[in-house]
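Asks: Dumping the structure here so I can ask a few things about it.
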């Protein structure tokens, strides 16, 4: 049973003198305990705004959030700012992209950890410090007692991201949102961080929303994947189905864009033509239509509905001409690289 | 999994490798303050400034013991005739002024006045400025607007005119001078801190702190403020230099007190005016003292700025 239910989440940015912009449009998402859900999309697809909306971290002025974010039996969007502060950090927590800038440079790692622990529990300072030490050990930081007294700039990037993760899991949240947690890291460190995340999820049973542009990350980590384009989810499936039988032409294009080991060396790399800016507003048709190889006139007849493309497993695509269900040969094990 | 080898991406649950340490951990380094201090003390400018300040402060504190005579003692009046002012001698290192007082003793005691005015006016001005800046930076919105408009008004009043107005209201006194200099510095500190806090409020670590449910007060006092305070420290040191010059200027204008025998560098400059042609050195000594004291604080302030510059951090 999913404890996080996002229903019809819509985020609209309103600036005076500009037409309102729908950064996220009617997003529906479920996360069950111990489940990892990926949200994939390129820059501007609305994936980061989604995470901020779930966390209630969007500015109140100029931003309209509608829809429901149910965590357990509570609707987070209906909470007061004070109630939401109690939820953040204790029930939902977030890991950010850049560990270089996401830690406070002037206070020690230990204080940043104990601050969260004492904020959400009755723990004494001594207890909090002991807890902080065991958290650092848990995320794989050697000599945690010494590290507690150090400042972020004394740690490497991978270490800092481990510290960020330790802070995020400090109060045993039910939901962890990781917003591109590996983008700023070296490739070897990325793998370690993802291993750590996967391990934490399976051990603690918390849910994980992994936000990324990196299909490889999703392939290795997530049970379920939602692909976003221009603010809407265009395809939702289990990771296996998505990589095995991509239905939406956008997903298909993304997967084809990943260079493969068995490609001819001289062959041109596959690209999706156009850019994200070439889009049709969703209420007039399919936003991806200008870039789509399969586009027909009917694509601009109206907003495309979400259809089930598989009878055996949940697999939905927002497309009137989904790619032939069993046609693609791209498989999960071949996936690597990014979307960009 | 952005590993380099495509075929190696595991799909299922991988074995636990979380305990594996990063390979790129650096050797232990000193804390932030340690590194800044090391940069500071390696800077020759800082050392020169520190020495100047040390001399200035020592002289100011130990003035009664360093000065051979009382600064108000005019028992050498008989040695002074119009146009003839005894220069340096063994008894009077810097000579005797037209009113028969020992110049060196007056200069030494003058340091006391300057330091007192500098420290008190800085403390008052910086405290008020930091409070206003904190108010504006922490709350933003209409509080920010109201506070900053008030600060703008303060900034639009010329410092010297304001000082004269204060002296006119409260009478010529040391207190007036200190209040005037303090008030002039309030908007500088307020704007500095507010600007810095506004910049920090959008920093990633502030968003991260918000995502952990840290209260508004916690974010302001534990995260934003400590990260915004460096420029205040630098400005404080530089302001001391300015305050010494301003104090001398106000004293020169005769605003620093009704007792003309009080030893004050600015007043000494003023006194020397009437005999400038016959005894130029009487103007030179207090002038040099003002310059050296101000230079000391300026050098230290600039060196602090360089040492604390976040861009210098590794």
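Asks: Listing B:259, A:252, A:179, A:262 from the residue with the fewest other Cβ atoms within 10 Å to the one with the most, what is the order? Don't skip to the answer; put the middle values down first.
Replies: On the way: B:259 12, A:252 25, A:179 22, A:262 6.
Taking fewest neighbouring Cβ atoms as first place, the list is A:262, B:259, A:179, A:252.
Asks: What spacing in nm lies between the two simple spin-label points modelled at residue A:261 and residue B:77, each 7 Å away from Cα in the Cβ direction?
Replies: Taking the simple label geometry, residue A:261 and residue B:77 are separated by 10.4 nm.
Asks: Ranking B:229, B:297 by Cβ neighbours within 10 Å, fewest first, what do you get?
Replies: With the sparsest Cβ surroundings first, the list reads B:229, B:297.
Asks: Along each of the three principal axes of the Cα atoms of the protein assembly as shown, give the extent in whole Å, ordering the values from largest to smallest.
Replies: 117, 57, 54
Asks: A follow-up question, please. Tell me, B:244, A:211 in order of fewest to most beta-carbon neighbours within 10 Å?
Replies: Values: B:244 31, A:211 24.
Neighbour counts put them in this order, fewest first: A:211, B:244.
Asks: First measure r as the distance between the Cβ atoms of residue B:277 and residue B:173, then evaluate 1/(1 + (r/R0)^6) with R0 = 35 Å and state the FRET efficiency to the nearest 0.05.
Replies: Values: r = 32 Å, r/R0 = 0.92.
The formula returns an efficiency of 0.60 here.
Asks: Let me have the relative contact order for chain B, percent, based on Cα pairs under 8 Å that are six or more residues apart. Display every interim value, and only then the final one.
Replies: On the way: 412 pairs, mean separation 71.6, N = 314.
Computed value for chain B: 23 percent relative contact order.
Asks: If a/c stays under 1.5 just call it rounded; otherwise compare a/b with b/c (prolate if a/b is bigger, oblate if not). Do that for the range B:44-99, with a ≥ b ≥ c from the square roots of the Cα gyration tensor eigenvalues.
Replies: Working: a/c = 3.67, a/b = 2.20, b/c = 1.67.
Prolate shape, in that a/c is at least 1.5 and a/b is the bigger ratio.
Asks: Give me the distance in nm between label points sitting 7 Å out from Cα along the Cα-to-Cβ direction at residue A:300 and residue B:198, one decimal.
Replies: For residue A:300 paired with residue B:198, the spin-label model returns 4.5 nm.
Asks: To the nearest 0.05, what FRET efficiency results for residue A:275 and residue A:308 with a Förster distance of 30 Å applied to their C-beta separation? Intermediate values should be presented prior to the final figure.
Replies: Details: r = 30 Å, r/R0 = 1.01.
So, using R0 = 30 Å, E works out to roughly 0.50.
Asks: Per residue of A:52-65, count partner chain C-beta atoms within 10 Å of its C-beta, then hand back the mean as an integer. Provide the component values of the computation, followed by the final result.
Replies: On the way: counts 2, 0, 0, 4, 2, 3, 0, 0, 0, 1, 0, 0, 0, 0.
Whole-number average of other-chain Cβ neighbours for A:52-65 is 1.
Asks: How high is the FRET efficiency between residue B:89 and residue B:131 when r is their beta carbon distance and R₀ equals 60 Å, given to the nearest 0.05? Don't jump to the answer; show the numbers that get you there.
Replies: Values: r = 52 Å, r/R0 = 0.86.
With R0 = 60 Å, the Cβ-Cβ based efficiency is 0.70.
Asks: Obtain the nm distance between the two label points defined at residue A:63 and residue A:2 by a simple spin-label model: each point lies 7 Å from its Cα along the Cα-to-C-beta direction.
Replies: 2.2 nm
Asks: Rounding to the nearest 10 and keeping the result within 0 to 90°, find how far the Cα-based axis of helix A:187-204 lies from the longest principal axis of chain A.
Replies: So the inclination is approximately 80 degrees.
Asks: Length gain on complete extension for the stretch residue B:33 to residue B:70, per 0.36 nm per residue less the alpha carbon to alpha carbon distance?
Replies: Numbers: separation 37, 0.36 × 37 = 13.32 nm, distance 4.33 nm.
Stretched fully, the residue B:33-residue B:70 segment lengthens by 9.0 nm.
Asks: Give, to the nearest whole percent, the P(r) tail of chain B beyond 24 angstrom, counting all Cα pairs. Spell out each step's value before the answer.
Replies: Details: 31906 of 49141 pairs.
Tail of P(r) above 24 Å: 65 percent of Cα pairs.
Asks: For chain B, find the longest principal axis of its Cα atoms and tell me its angle to the long axis of helix B:230-252, 0 to 90°, nearest 10.
Replies: Here the helix axis deviates by roughly 10 degrees.
Asks: Taking just the C-alpha trace of the range B:146-301, give me its Rg and Dmax in Å.
Replies: Both quantities, over Cα of the range B:146-301: 20.7, 73 Å.
Asks: Residues of A:193-204, mean number of Cβ from any other protein chain within 10 Å of their own Cβ, rounded to a whole number? The partial results should precede the final answer.
Replies: Numbers: counts 2, 5, 9, 5, 1, 8, 7, 2, 1, 3, 2, 0.
Per residue, the number of nearby Cβ atoms from other chains is 4 on average.
Asks: Using a 10 Å cut-off on Cβ to Cβ distances, tally the other chain neighbours for every residue of A:148-155 and report the average as a whole number. If you can, show how the numbers build up before the last one.
Replies: Working: counts 0, 1, 3, 8, 2, 8, 10, 5.
If you average over the peptide's residues, the count of other-chain Cβ atoms is 5.
Asks: Tell me, what is the percent relative contact order of the range A:139-236, built from C-alpha pairs under 8 Å that lie six or more residues apart?
Replies: On the way: 72 pairs, mean separation 22.6, N = 98.
Relative contact order, the range A:139-236: 23 percent.
Asks: Most mobile of A:170, A:295, A:237 per a Gaussian network model of chain A (Cα springs, under 10 Å)?
Replies: Answer for the Gaussian network model of chain A: A:295.
Every read-out reported here was derived from the displayed coordinates using simple, explicitly stated rules and does not represent laboratory data. What you see is a predicted model, and the numbers here were worked out from it, not measured in a lab. Counting neighbours? That spans all protein chains shown, and the Cβs are built from the backbone with ideal geometry, glycine included.
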